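The values are calculated or read from the model by the stated rules, or taken from the named source; none is laboratory data. Here the structure is a predicted model, which means the values were calculated and not measured. Cβ atoms come from the backbone with ideal geometry, glycine included; neighbour counts cover every protein chain shown. Note: areas computed on protein heavy atoms with side chains; ligands, DNA, RNA excluded. Shrake-Rupley method; radii C 1.70, N 1.55, O 1.52, S 1.80 Å.
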Amino acid sequence: MKIHVQNLGPLKEADFEVGDLTIICGKNNTGKTYATYALYGFLKTWKDLMHVGIGLPEIEELLKQDTIRIDLDRIWKERKKSIDGACKRYNGILHRVFASEEKKFKESEFHLQIGSDAWDPSESFSKTLANKSYGNLKFQKEPNSSVLDVFLLREETNGKQPPLVVLKELIERQVEELLFAKILPDVFVASAERTGVAIFRKDLDFARNRMLDQLGEKQDIDPFEFLNRVYTSYALPVRDNVDFDRNLEDLFKQDSYLEKDHPDILKKFSDIIGGTYKVVKGSIYFSLKQGGKRLLMNESSSAVRSLLDVGFYLRHCAEKGDLLIIDEPELNLHPENQCRLARLFACLVNVGLKVFITTHSDYIVKELNTLVMLSNKQRHTGEIMAEYGYQANELLDADRLRVFIADRKPILLEGKTRKTRIDTFVPAEIDHELGIKLSSFDEVINRMNKLQDEIIWGGS
């Protein structure tokens with residue numbers, strides 16, 4: 001999945017690709033969060049924006065024959081048209097994703113490209129949508145087939161004819177799910193504002209309920225319009241973080257695939273924060289690993305609060321194939337725990353969860369380099385892993401990494417004769433033996449070391 005953006009915040013234009021583990025790093029105010037939020041917004045809304053090529057004549061045939069066959073190959077070959085249409089509609093609502101004025105995003109563009117080999121027709125597909133009034137819709141695709149059979153089963157209906165538009169939308173949704181759902185994954189985001197959301201979650205609930213009470217007392221205000229206006233004053237990822245935190249007590253009752261199949265990975269997360277999150281009588285507590293003492297969120301460390309959303313998501317919500325986005329995962333973490341977090345990311349990738357981060361942390365990048373280097377097994381790497389406590393499920397294949405640096409780059413713009421320096425993303429070189437090559441961190445570290453050497457030794 002490749003992304004191209006134009007005129008998005010400070011980014012004049014930029015390209016990046018989503019891999020199993022994607023990293024965007026660079027200086028402040030260079031567009032990292034803009035690109036991340038734009039990607040998140042599209043993945044949250046594409047199902048409502050996408051329209052695949054199912055025509056009304058096909059729906060009319062279904063009503064006559066009670067069955068049709070849909071050529072998925074034909075629709076897949078036309079994917080660019082469907083995706084471009086979704087992106088065009090998305091560009092029209094970009095300002096809503098960022099909770100900003102429409103004029104500020106008038107020239108902004110988001111484009112997505114999917115490779116021709118992204119869809120795997122080898123898998124089977126079977127699903128039934130039940131409707132008492134119109135009858136059941138059954139979808140069936142055999143393994144290694146590009147034909148989707150659709151059946152309208154109306155033995156127990158009251159004879160009503162389902163509306164063409166409704167049928168068309170239902171069928172299009174299933175085709176979109178079959179072709180694109182694994183390529184455009186379900187997404188969860190932990191925004192940089194998550195620490196504040198965690199500590200004020202109860203206040204947000206109280207304020208919301210109080211506002212509803214006050215609105216109910218006034219006759220001349222549309223409460224839904226007012227709520228929508230207030231609620232959309234925050235960027236979509238922040239709004240979704242608030243919604244997620246407001247429902248933590250209910251989410252606590254669920255188990256993710258990690259909880260069921262990979263509890264050892266969740267233990268690594270507990271080791272990072274030094275305990276576990278608990279729900280007791282409707283309140284969120286942090287239970288310390290040592291001593292078992294329970295702390296409310298406002299009593300817990302900033303590190304515990306900054307990882308609250310991530311912890312609940314991993315233990316209670318994550319599904320295989322999801323994309324986990326974390327804006328600055330290093331927030332409030334000691335360097336040792338930043339390294340542990342990098343190892344956790346590798347574990348998650350190795351069990352089928354995709355991870356996307358923006359970061360300023362040299363420790364996270366260097367630790368990922370170590371995991372890449374250790375994955376190239378040599379005679380001595382086993383001894384090193386044993387000595388330093390690395391495990392096989394933490395090793396990372398370099399081919400699964402995508403790294404981009406937010407930087408200023410000279411480029412020849414269309415219609416120009418001289419190169420102009422613009423804010424963009426530059427892909428980092430990833431070596432199978434040495435890992436990620438990032439000069440931006442090294443330059444700062446080398447400058448600090450040089451300065452301290454000159455202070456100690458009296459200059460060069």
Next on the checklist: Can you find, within segment 247-293, the residue that is farthest from the chain's Cα centre (by Cα) among those that are small (Gly, Ala, Ser) and open to solvent by 30 Å² or more (accessible area, probe 1.4 Å)?
Outcome noted: GLY291
Item to check | Every pair of residues 6+ apart whose Cβ atoms lie under 7 Å, when the first sits in segment 101-127 and is under 22 Å from PHE42 (Cα atoms) while the second is charged (D, E, K, R) and assigned to a strand (DSSP E or B) | outcome: GLN113/LYS2
Item to check | Enumerated helices (runs of 4 or more DSSP H) restricted to segment 272-371, each holding at least 3 residues that are touching a Lys or Arg at 6+ places or on another chain (Cβ under 7 Å) and not small (Gly, Ala, Ser) | outcome: 335-350
Checklist entry - If you take the residues of segment 356-365 that are more than 13 Å from LEU324 (Cα to Cα) and under 20 Å from the mean Cα position of the chain (by Cα), which of them is surrounded by the most Cβ atoms within 10 Å (Cβ to Cβ)? => result ILE364
Checklist entry - So which strands (runs of 3 or more DSSP E) are wholly in segment 90-157 and hold at least 3 residues that are over 22 Å from ILE183 (Cα atoms)? => result 136-141, 147-153
Checklist entry - If LYS268 passes every condition in (1) more than 20 Å from PRO335 (Cα to Cα); (2) modelled with pLDDT of 90 or more; (3) not in a strand (DSSP E or B) but one, which one does it miss? => result (1)
Item to check | Members of segment 230-259 found to be more than 26 Å from GLN338 (Cα to Cα) and part of a helix (DSSP H, G or I), listed by number | outcome: VAL230, TYR231, LEU236, ARG239, ASP243, ARG246, GLU249, ASP250, LEU251
Next on the checklist: Quick check on this structure: which one of GLY382, GLY459, GLY435, GLY415 is out of contact with any strand residue (DSSP E or B) (no Cβ under 9 Å at 6 or more places or on another chain), modelled with pLDDT under 90 and surrounded by 11 or more Cβ atoms within 10 Å (Cβ to Cβ)?
Outcome noted: GLY382
Checklist outcome for this item: When segment 63-81 is checked residue by residue, the ones that are within 14 Å of VAL175 (Cα to Cα), touching a residue at least 24 places away in the same chain (Cβ under 8 Å) and open to solvent by 10 Å² or more (accessible area, probe 1.4 Å) are ARG69, ASP71, ASP73, TRP76, GLU78, ARG79
Checklist entry - Restricting to segment 9-31, what's the tally of residues that are out of contact with any Gly (no Cβ under 6 Å at 6 or more places or on another chain) and either farther than 24 Å from GLU443 by Cα or open to solvent by 10 Å² or more (accessible area, probe 1.4 Å) (or both)? => result 13
Next on the checklist: Looking at the structure I just gave you, is ALA38 under 20 Å from PHE105 (Cβ atoms), assigned to a strand (DSSP E or B) and within 21 Å of the chain's Cα centre (by Cα)?
Outcome noted: no
Checklist entry - Out of (1) under 30 Å from ASP245 (Cβ atoms); (2) modelled with pLDDT of 95 or more; (3) open to solvent by less than 20 Å² (accessible area, probe 1.4 Å), the odd one out for ASN91 is which? => result (3)
Checklist entry - Of the residues LEU368, LEU307, LEU353, which is crowded, with 22+ Cβ neighbours inside 10 Å and within 27 Å of SER283 (Cβ to Cβ)? => result LEU307
Checklist entry - Any residue in segment 39-62 that is touching a Gly at 6+ places or on another chain (Cβ under 7 Å), open to solvent by 40 Å² or more (accessible area, probe 1.4 Å) and farther than 22 Å from GLN140 by Cα? => result no
Checklist entry - With ASP407, ASP397, ASP327 as the choices, which residue is more than 29 Å from ASN29 (Cα to Cα) and either touching a helix residue (DSSP H, G or I) at 6+ places or on another chain (Cβ under 8 Å) or open to solvent by 50 Å² or more (accessible area, probe 1.4 Å) (or both)? => result ASP397
Next on the checklist: Quick check on HIS360: is it over 27 Å from ASN28 (Cβ atoms) and touching a residue at least 60 places away in the same chain (Cβ under 8 Å)?
Outcome noted: no
Checklist entry - Would segment 81-88 turn up any residue that is modelled with pLDDT under 90, over 26 Å from ARG421 (Cα atoms) and assigned to a helix (DSSP H, G or I)? => result no
